[in-house]
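J.: To start, I am sharing the structure in question, which I have written as structure tokens.
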Amino acid sequence: MARNRRRVDGEVTFSWMAGKIVMFMVAVACLLGITFLKQRNLKMGDEIVQLDRELRKIGDLNASIDSQVARCKAPRELEARMARLKLTMVHPAEHQIRRVAESVVQLTRRARSADRPSGTLASKSQSQPGTLVQAQFIRPKPVQ
Amino acid sequence: MFPTSAHRIRILVVGSFLLAGLVALAGRLYVLHVFRHDEYATVASRMHDRKVTLPATRGVILDAKSNVLAHSISVRTIAVDPQFIREEAEKKLKAKQKTLISDLVQILSEGLLLPKSEIMDRLKQPSRYVVLKKKVSDETARKMQDALAQKRIRGVIFEDEQMRFYPNGSLMSHVLGYVNAGHTGVDGVEYMMQADLRGQDGWRKIECDSRGREIVVFRNEDFPARNGYNVLLSLDQAIQNIVEQELDKAVQKIRPDSAVIIVMRPSTGEILALANRPTYDPNAASKKVDTLRNRAISDLVEPGSTFKIVTIASALDQRIIDLQDTFWCENGRFLYEGRYITDHHPAGTLDVTGILVHSSNVGSVKIALMLGSQKMYQAMARFGFGQRAWGDKEGERWLGEIRGIVRPLRSWSKLSLSRLAMGYEVGVTPLQMVTAMSALANGGNLMRPMIVKRVQQQDGTVVREFFPEVRRRVVDQKAARDITKALTQVVSKEGTAAKAAIPGYHIAGKTGTAHIAVNGQYSKDQYISSFCGYFPAEEPEVCIYVMFNRPRGKEYFGGAIAAPLFKSVGERVASYLHLRPTVPIPPTPEGRNQLVSMEGGT
């Protein structure tokens, strides 16, 4: 019986071969597709975890800022700030500070050390152009 | 070509072996899948499946103006695995990389501000878990994590934690309470509102890979956490700050053992401020036990003369006396049941107002005798003495609040009525006293003290709202009006509380100076000095109770030490609340209106 089922000629036809190749390619494509989808899912999962982490980080940062705001709004802190302001102990505004390069300061110090009268604060008018020796605070005009 | 018999035998043998192998394999599979399924499923589940808790954030406590009083921030506990680090160091040593330990110590020392020697000592410990520092800020922890990752150092454990933070420090500490290490409220509002503040932890069932990382695609159940509700209080941090500043000044001067001040809105029973001295900072890791007690609800005191308001208001309510009725005050020395009752300001004949103005013990005892024991007892019960002001119901109680002592009528002695009339033989809490005074201020309704106004979600949606609650009527409106009229005379030049007067307002109040019982006898040099008053007397907005326990110094009368504090607090609170003055304000030497200048305008 088994002998009857055996293919006698053993001939390999083109259509048979093509069918096998197509089946093989479909199987490979399916495998690749599954692998690709799985990889994509894993990647998305990683992204979700990453986003979760960032969300938590931002949440924590928010809480930290809230905490700082609450601390700044605390009556004792406000009173301390008011007391400082009453003593006019304020940080100078940016326009009140004239910034000079360090090298210029060093050069000027050397140049002016000989002829500057002792105990006087150098001002722009006293110094040569570009040789300011010290940041100058401009007193703001009193508010009427 | 057909197989020979030898081939057939070989095939049979090989086939038999294969079959036997397959049968054995099937058998093993059967055993694993059927008999030992549960055991291996558990092992696999333990290795890959995890249930992660998603912790809920504890709710925020806010004041009446929605300023943050307590909130939770994320912090880290930094620990190390010394054994793992030593193994890693040995591996690196073999690879001629000697810097692991020194790099690690450098990073930890800079981040945690700990001496290098201390870190080295801890790294030598024979343990797999050694805590280096707790409550490290998130930012610092992240910087350290980055630095460690850059140097590829492992073995440092960063554990997430929540920390309760009170931005105002000790301000309002006795009201807010604090939380324990498990983030559970153990006192004050933190304890009382624990169920609302706590929130509900969520969970997530996850699967992990061989390296312990979550495989998100296999994320199973995901139940997000519900954060705790925010609790909005009736207290105002600005008023509280005024109260605490003034209290600190007074305490520095008077140096009492303890002091209490309560500010209440009489019409609603809302507590606007409550302060105790000594106090504590809830942010501090360790707190002195003695400072933790909220004396406003847990200290039992004999109130002294402030209690006369109960005697006289009840007699007025029962129509036993009228404000114009006069009493012979025995020139300050009255023999009753074999004991003398004396007055500090001896007087002859006084009307009811005069009895309050001069704080006459003799006069108030005579009124109490007219009232009788039964009615006096009932009056005390009506005013809420001997009961918790906050409430007796389980779950509604303020932790640590006591009932006070009102002895049952059957155990009264012959002298009890005379003692009660002037505020002895009764134990009250400051909260009970201010609640009783508020009842007179609002026309006779005893209000339930109110601290929490609202429970709301984080977006402001109201979950629960609390409304003012009238517990009972204690006196009728006429009696309340009459006693207010009499009490305004107490804060006059002739009265005992002249120092409580606030320009621009009629003040009603009563002083109290009670001897403290020490070893069964009343001490001659230890006192409870108090003042309880409200203003504007015509339409009271604020009721303030001030109490000093064992003041030191020459002055010890309530009118001398408690009344000035009432005034200084009252003035600033009136300015803050923009209370309309009810009497013309006397001009100052500069010719300017005092109240207007207080408000900062010209």
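The values are calculated or read from the model by the stated rules, or taken from the named source; none is laboratory data. As the structure is a prediction and not an experimental result, all values here were calculated from the model. As a convention, Cβ positions derive from the backbone with ideal geometry for all residues, glycine included, and neighbour counts pool all protein chains shown. Surface areas here come from the heavy atoms of the whole protein model, side chains and all, with no ligands, DNA or RNA. Shrake-Rupley method; radii C 1.70, N 1.55, O 1.52, S 1.80 Å.
J.: Averaged over B:215-225, how many beta carbons belonging to a partner chain fall within 10 Å of each residue's beta carbon? Display every interim value, and only then the final one.
T.: Details: counts 5, 10, 9, 2, 3, 0, 0, 0, 0, 0, 0.
Going residue by residue through B:215-225 and averaging, the value is 3.
J.: I've got another one for you. Consider all pairwise Cα distances in chain B and report the whole-number % of them above 31 Å. Mind dumping the intermediate values first?
T.: Numbers: 111561 of 180901 pairs.
Cα-Cα pairs in chain B separated by more than 31 Å: 62 percent.
J.: In the full protein assembly as shown, how much of B:Asp281 is accessible to a 1.4 Å probe, in Å² to the nearest 10?
T.: Answer for B:Asp281: close to 60 Å² accessible.
J.: Viscosity 0.692 mPa s, temperature 37 °C: Stokes-Einstein D of segment B:329-419 from its Kirkwood Cα radius, in µm² per second? Show your work: numbers first, answer last.
T.: Values: Rh = 15.1 Å.
Stokes-Einstein gives a translational diffusion coefficient of 218 µm²/s.
J.: Under the Karplus relation 6.51 cos²θ - 1.76 cosθ + 1.60, θ = phi - 60°, what is the ordered set of whole-Hz ³J(HN,Hα) values for segment B:25-41, x standing for Gly and Pro?
T.: 4, 5, x, 4, 4, 4, 4, 5, 7, 9, 6, 10, 4, 4, 4, 6, 4
J.: Along each of its three principal axes, how wide is the spread of alpha-carbon positions in segment B:407-507, in whole angstrom units, largest first?
T.: 58, 45, 25
J.: Now for a different question. By how many degrees, 0 to 90 and rounded to 10, does the Cα axis of helix B:361-371 deviate from the longest principal axis of chain B?
T.: Roughly 80 degrees, rounded to the nearest 10.
J.: Would you mind pulling out the separation of the Cα centroids of segment B:300-376 and segment B:166-225, in Å?
T.: 57 Å
J.: Count the net charge of all other residues whose Cβ sits under 13 Å from the Cβ of A:Ile48, scoring Lys and Arg as +1 and Asp and Glu as -1.
T.: Here the count lands on +1.
J.: Can you pull the Rg over Rh of segment B:110-185, Cα-only, Kirkwood? The partial results should precede the final answer.
T.: Numbers: Rg = 16.3 Å, Rh = 15.2 Å.
Here Rg/Rh amounts to 1.07.
J.: How far apart, in nanometres, would the label points at B:Thr42 and B:Ile215 be if each is projected 7 angstrom from Cα along the Cα-to-Cβ direction?
T.: 2.3 nm
J.: Sticking with this one: Between rounded, prolate and oblate, where does segment B:21-85 land on the alpha carbon gyration tensor, with a ≥ b ≥ c its root eigenvalues, rounded for a/c under 1.5, else prolate if a/b exceeds b/c?
T.: Working: a/c = 8.87, a/b = 2.70, b/c = 3.28.
Verdict is oblate for segment B:21-85.
J.: A further question follows. How much accessible area does A:Phe36 have with a 1.4 Å probe, in Å² rounded to the nearest 10?
T.: Here the residue's solvent-accessible area equals roughly 130 Å².
J.: Heads up, I need the accessible area for B:Ile271: 1.4 angstrom probe, whole protein in place, Å², nearest 10.
T.: 0 Å²
J.: Now for a different question. Quick one: length gained pulling B:Phe158 to B:Ser413 fully straight, 0.36 nm per residue minus the C-alpha distance? Before the final figure, lay out each step's value.
T.: Values: separation 255, 0.36 × 255 = 91.80 nm, distance 6.74 nm.
Here the answer is 85.1 nm.
J.: Check which residues have an amide H placed less than 5 Å from B:Arg473's amide H, if you skip close sequence neighbours.
T.: B:Leu446
J.: Ok, one more. Helix B:237-254 against the longest principal axis of chain B: what's the angle in degrees, Cα atoms only, rounded to the nearest 10?
T.: Once rounded, the angle reads 60 degrees.
J.: Using just the C-alpha positions of segment B:1-149 as equal point scatterers, what log10 of I(q)/I(0) does the Debye formula give at each q in 0.10, 0.13, 0.16, 0.19 1/Å?
T.: -0.70, -0.86, -1.01, -1.16
J.: At 1.4 Å probe size, put B:Lys253, B:Lys567, B:Lys366, B:Lys65 in order of accessible surface, largest to smallest.
T.: Descending accessible area places them as B:Lys253, B:Lys65, B:Lys567, B:Lys366.
J.: Calculate how steeply helix B:82-94 sits against the longest principal axis of the alpha-carbon atoms of chain B, using the helix alpha-carbon long axis, and give the answer as 0 to 90 degrees to the nearest 10.
T.: The answer is roughly 40 degrees.
J.: Further, regarding this structure: Identify all aspartates and glutamates with a Cα-Cα distance to B:Lys135 below 15 Å; exclude those on the same chain that are fewer than 8 residues away in sequence.
T.: A:Asp60, B:Glu159, B:Asp160, B:Glu161
J.: Run a plain Debye calculation on the protein assembly as shown (Cα atoms as equal point scatterers, no solvent) and give log10 I(q)/I(0) at q = 0.06 Å⁻¹, rounded to two decimals, same order as the q list.
T.: With one equal scatterer per Cα and no solvent, log10 I(q)/I(0) is -0.61.
J.: Ranked by accessible surface with a 1.4 Å probe, highest first, in what order do B:Leu176, A:Leu85 come?
T.: Numbers: B:Leu176 0, A:Leu85 105 Å².
Per-residue accessible area, sorted high to low, gives A:Leu85, B:Leu176.
J.: Let's see if you can work this out: charge +1 on each Lys and Arg Cβ, -1 on each Asp and Glu Cβ, no other charges. What is the dipole magnitude of the protein assembly as shown about its Cα centre, in debye to the nearest 20?
T.: Working: 107 positive and 76 negative charges, 560 e Å.
Dipole magnitude for the protein assembly as shown comes out near 2680 debye.
J.: Shape call for segment B:84-142 from the C-alpha gyration tensor, a ≥ b ≥ c root eigenvalues: rounded (a/c under 1.5), prolate (a/b greater than b/c) or oblate?
T.: Working: a/c = 2.08, a/b = 1.63, b/c = 1.28.
Cα axes put segment B:84-142 in the prolate bin.
J.: Only four residue types carry charge here, +1 at the Cβ of Lys and Arg and -1 at the Cβ of Asp and Glu. Report the dipole size of segment B:176-242 about the Cα centre in Debye, rounded to the nearest 20. The partial results should precede the final answer.
T.: Details: 7 positive and 10 negative charges, 52 e Å.
Value, rounded to 20: 260 debye.
J.: In the structure displayed, which of B:Lys253/B:Lys478; A:Lys86/B:Lys510; A:Lys73/B:Lys453; A:Lys38/B:Lys143 lie more than 29 Å apart, Cα to Cα?
T.: Working: B:Lys253/B:Lys478 40 Å; A:Lys86/B:Lys510 39 Å; A:Lys73/B:Lys453 21 Å; A:Lys38/B:Lys143 34 Å.
Table pairs above 29 Å Cα-Cα are B:Lys253/B:Lys478; A:Lys86/B:Lys510; A:Lys38/B:Lys143.
J.: Here is a further query. Restricting to DSSP H runs of at least four residues, report the calculated mean residue ellipticity at 222 nm for chain B, -39500 (n - 2.57) per run over all residues, nearest 500 deg cm²/dmol.
T.: Working: 21 runs with 214 residues, N = 602.
About -10500 deg cm²/dmol.
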